[in-house]
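Below is one structure; the comments refer to it alone.
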Amino acid sequence: MLHTAELTARAPATEGGVRVIDLSAQGLRALNQALHDFKARPSNETLWEVVNTKGAHAIAVGVDAPLDITVRGTTGYYCAGMNKQATIRIDGSAGPGVAENMMSGTVIVEGDASQYAGATGRGGLLVIKGNASSRCGISMKGIDIVVHGSIGHMSAFMAQSGNLVVLGDAGDALGDSLYEARLFVRGSVKSLGADCIEKEMRPEHFEALEDLLRRGLAEGKADPSQFRRYGSARRLYTFHVDNASSY
Amino acid sequence: MTEFLRTPPRQSWTFSNDSNAEIRRAAATGIYDIRGGGSKRKLPHFDDLLFLGASISRYPLEGYREKCSTDVWLGTRHAKTPIHLDIPVTIAGMSFGALSGPAKEALGRGATEAGTSTTTGDGGMTEEERGHSRTLVYQYLPSRYGMNPDDLRRADAIEIVVGQGAKPGGGGMLLGQKISDRVAEMRNLPKGIDQRSACRHPDWTGPDDLEIKILELREITDWEKPIYVKVGGARPYYDTALAVKAGADVVVVDGMQGGTAATQDVFIENVGMPTLACIPQAVKALQDLGMHREVQLIVSGGIRSGADVAKAMALGADAVAIGSAALVALGDNDPALEEDYRKLGTTAGAYDDWHEGRDPAGITTQDPELYGRFDPVLGGRRLKNYLKVMTLEAQTIARACGKSHLHNLEPEDLCALTIEAAAMAGVPLAGTSWVPGRPGGPF
């Protein structure tokens, strides 16, 4: 395991203004420590690139600085977990829990994302240019998620707030037991979960969706008029014996 | 003579008055009974164990003169900054939401004055709690309400909650009466709803995922914080072994006497194992892995006195945690409030409708009028006193057993009063060398 000082000494300072970290050579701990240290000692070295990821877990987690980080290659679990401020681009596919509990900033997955993408996210924007697997946006708490492809089953389970935009289709039990999150799906929805219903698209929703598509790098790929909105029927917000079969 | 011709009225053991009352209540309301607290059954417990004390073969330490240390290190396996506590009695996780802000403050004050830690709960970290707790453990729960990296970093340890003794396999519950504006904001929920927390973590399942989750939390906090894994008393041998395998620094095992803010009574009374049965299994898992004392074990669920502390530690725990007992020390269920309890249709000592938010003691409520009655400074002092007494009691017993540190207590210091307790605790039935389930019979 390398300490930050060693990392700084060994890392190629920059390549074309980009600080490059070879994850296989320098190790996960050194990468994350260097990213965390930026907050205490900021510099103009804000462009970072992580190479040789080889599916490693917990790449660039807990970043709290306005950095622009490109991760070249496929990542394991929890890449960009709890991100604040940073823009993190995964030039490959992401493993489970990408951008979990993100607070702010932007995470872009060029490929597909595995389960639990954006789980419990509280802010910021997650863009998945491919498909996302099951439980996308599970328990989301304010994050915006834009998926250019389709999403798997149980997505937006217990989703509390924020927006989930899906240009493709949604799997079974979309939005089961959700609270106040807004779900926009262009394609088919295999089934809706408990207490999730289709809702009217009002002018403010078209407006919000247009903004989400623009920020989600999907402008021109889809038109807001093609989407349907889903949200909570709010029937399970209080216990009632007549709803017992839905709990 | 006619009175001898009729069978006297006879109540059914199976259909007791309590059972029938619950049937009638269910029929009238159509909803299961929800309550706070832990199991109220008479379970095999620490009361069924006794210390043997010193004798010719073991000599005692002099009370007041010879030292009996009580400190404990937690998180020595991987954390850069392990926790060092003066006493091995910690305060278990209880949420802001379930408890009032002043009650959380009092827990922080009392724990800090006594030299121990307190723990957040299913509602995030509050300023009054962080501000008044020298050592604060931040719970990482399935709901992730309020979870954020800044609080992870300003915590002194992180506790990943897999389950709790009152409801292994169940999620949290906070009913609408307690979802005030502040609680709703902290949890990002609509005000006044009946909140159901998830029972599983949203982004991992199983021990292999848990290992990766622990890695992520360590990376986010630069490997500084001890990471605890808390499990309900379901399968303590395997859960402890799997938590160790996943990389935990500390394992917390919570037996079924452990309390909850609110859940179904049927869950509390019928799922999970008594604390006494959990400890030896958890200790054996640690011993089998060569990790006993390397990974620390905290036991909770029904700890009330220094004797309970000493017994848990003699069975192999490194520390204990208290929740219900701490609330009683703060003033919960105090007979001085009997008139108020009567108005709620209950009586002091039996009040467990904490989820309704009408606690006359101002502890399990979000009603400003009610929690305004509670003095956090006085509450903190009472908790400190209680923790000090527990420590003195445990030291008294340890000295009598000839131990210069509470951690030196051992199963050989114990005997059991019942066959059940002997079997569960793995110590001999009093007056015999018989441990049920082990070779060799009674003599």
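Just so you know, all these numbers are worked out from the coordinates, no wet-lab data involved. Everything numeric here is computed off the predicted structure, so don't read it as measured data. Don't worry about glycine lacking a Cβ; one is built from the backbone with ideal geometry, like all the others, and counts go over all protein chains shown.
Below 15 angstrom from the Cβ of residue A:140, what's the summed charge of the other residues (Lys, Arg +1; Asp, Glu -1)?
Around residue A:140, the charge tally is +1.
Of the peptides B:421-428, B:261-268, B:159-166, how do they stack up when ordered by the mean number of other Cβ atoms within 10 Å, highest first?
Output ranking for B:421-428, B:261-268, B:159-166: B:159-166, B:421-428, B:261-268.
Would you look at the GNM of chain B, springs on alpha carbons closer than 10 Å, and say which of B:18, B:181, B:48 moves the most?
Sorting by GNM fluctuation, first place goes to B:18.
Charges only on Cβ, +1 for Lys and Arg, -1 for Asp and Glu: so what's the dipole of the stretch A:54-237 about the Cα centre, in debye to the nearest 20?
180 debye
Considering the options B:379, B:29, B:286, tell which one lies farthest towards the positive end of the dipole of chain B, charges being +1 on Lys and Arg and -1 on Asp and Glu at the Cβ, about the Cα centre.
Highest projection toward the positive end goes to B:286.
Calculate the translational D of the stretch B:34-425 in whole µm² s⁻¹ from Stokes-Einstein, where the hydrodynamic radius comes from the Kirkwood formula applied to all Cα pairs, the temperature is 10 °C and the viscosity 1.306 mPa s.
My calculation gives 76 µm²/s for D.
Once the Cα atoms of helix A:28-40 and of chain A are each reduced to a long axis, what angle between those two axes, in degrees from 0 to 90 to the nearest 10, is obtained?
90 degrees
Given the options B:74, B:164, B:272, identify the residue whose Cα lies farthest towards the positive end of the charge dipole of the stretch B:34-425 (+1 on Cβ of Lys, Arg; -1 on Cβ of Asp, Glu).
Checking the options against the dipole of the stretch B:34-425, the answer is B:74.
At a 10 angstrom cut-off on C-beta neighbours, averaged per residue, how do the peptides B:296-303, B:307-314 rank from highest to lowest?
Descending mean neighbour count gives B:296-303, B:307-314.
Between their Cα atoms, which of A:141/B:178; A:54/A:129; A:141/B:225; A:84/B:213; B:191/B:225; A:141/B:343 are more than 29 Å away from each other?
B:191/B:225; A:141/B:343
Against the longest principal axis of chain A, how steep is helix A:203-215, in degrees 0 to 90 to the nearest 10, with axes from Cα atoms?
Tilt of helix A:203-215: around 20 degrees.
For a quick check of your reading of the filter: which chymotrypsin sites (Phe, Trp or Tyr not before Pro) in the stretch B:45-80 sit in a DSSP loop and have no more than 14 other Cβ atoms within 10 Å?
Those that pass, being in a loop and sparsely packed, are B:64.
Could you give the size of the charge dipole of the protein assembly as shown about its Cα centre, using +1 on the Cβ of each K and R and -1 on the Cβ of each D and E, expressed in debye and rounded to the nearest 20?
Dipole about the Cα centre, nearest 20: 400 debye.
Report ³J(HN,Hα) in whole Hz for each residue of the stretch B:384-399, in order, from the Karplus equation J = 6.51 cos²θ - 1.76 cosθ + 1.60 where θ = phi - 60°; Gly and Pro get x.
Each residue's phi maps through the Karplus curve to give 4, 4, 4, 4, 5, 5, 4, 5, 4, 5, 4, 5, 4, 5, 4, 4 Hz.
Between beta-carbons, use under 15 Å as the cut-off and find the net charge around residue B:383, counting Lys and Arg +1, Asp and Glu -1.
Here the count lands on 0.
I need the shape label for the stretch B:1-93. Rule: rounded when a/c is under 1.5, else prolate if a/b > b/c, else oblate, with a, b, c from the alpha carbon gyration tensor.
Oblate shape, in that a/c is at least 1.5 and b/c is the bigger or equal ratio.
What is the average number of partner chain Cβ atoms found within 10 Å of a Cβ in B:141-150?
Mean shielding count: 5.
GNM on chain A, C-alpha springs below 10 Å: top fluctuator among A:89, A:214, A:228?
Of the options given, A:214 has the highest mean-square fluctuation.
So how far, in whole Å, is the C-alpha centre of the stretch B:105-160 from the one of the stretch B:162-193?
Here the two parts' Cα centres lie 17 Å apart.
Place +1 on the Cβ of every Lys and Arg and -1 on the Cβ of every Asp and Glu in the stretch B:34-425, take the dipole about the Cα centre, and give the residue among B:248, B:59, B:119 whose Cα lies farthest towards its positive end.
B:59
Partner chain Cβ atoms within 10 Å, averaged over the residues of B:239-245 - can you pull that number for me?
Neighbouring Cβ atoms belonging to other protein chains average 0 per residue here.
DSSP loop (so not H, G, I, E, B), at most 16 other Cβ within 10 Å: list which GluC sites (Glu not before Pro) in the stretch B:1-96 pass both filters.
Filter output for the stretch B:1-96: B:62, B:66.
Could you let me know the centre-to-centre spacing of the stretch A:170-247 and the stretch B:8-78, using Cα atoms, in angstrom?
What the calculation gives is 47 Å, centre to centre.
Which order do B:167, A:84 fall in if you start with the one that has the fewest other Cβ atoms within 10 Å?
Fewest-to-most Cβ neighbours within 10 Å comes out as A:84, B:167.
With springs only between Cα atoms under 10 Å apart, run a GNM on chain B and tell me which of B:172, B:323, B:431 wobbles the most.
Looking only at B:172, B:323, B:431, the largest GNM fluctuation is found for B:431.
Among residues other than residue B:336 whose Cβ falls under 15 Å from its Cβ, what is the net charge (Lys/Arg +1, Asp/Glu -1)?
-3
In terms of Cα to Cα distance under 16 Å, which aspartates and glutamates are near enough to residue A:199, apart from those fewer than 8 places away along the same chain?
A:176, A:180, A:207
For the protein assembly as shown, what is the mean residue ellipticity at 222 nm derived from helices alone (per DSSP H run of n ≥ 4: -39500 (n - 2.57); sum divided by total residues; nearest 500 deg cm²/dmol)?
-8000 deg cm²/dmol
What is the distance in Å between the Cα centroid of the stretch B:203-221 and that of the stretch B:373-443?
So the two Cα centres are separated by 35 Å.
Could you give the radius of gyration (one decimal) and Dmax (whole number) of the Cα atoms in chain A, in Å?
19.1, 67
Across peptide A:115-125, how many C-beta atoms of other chains are within 10 Å of each residue C-beta, on average?
3
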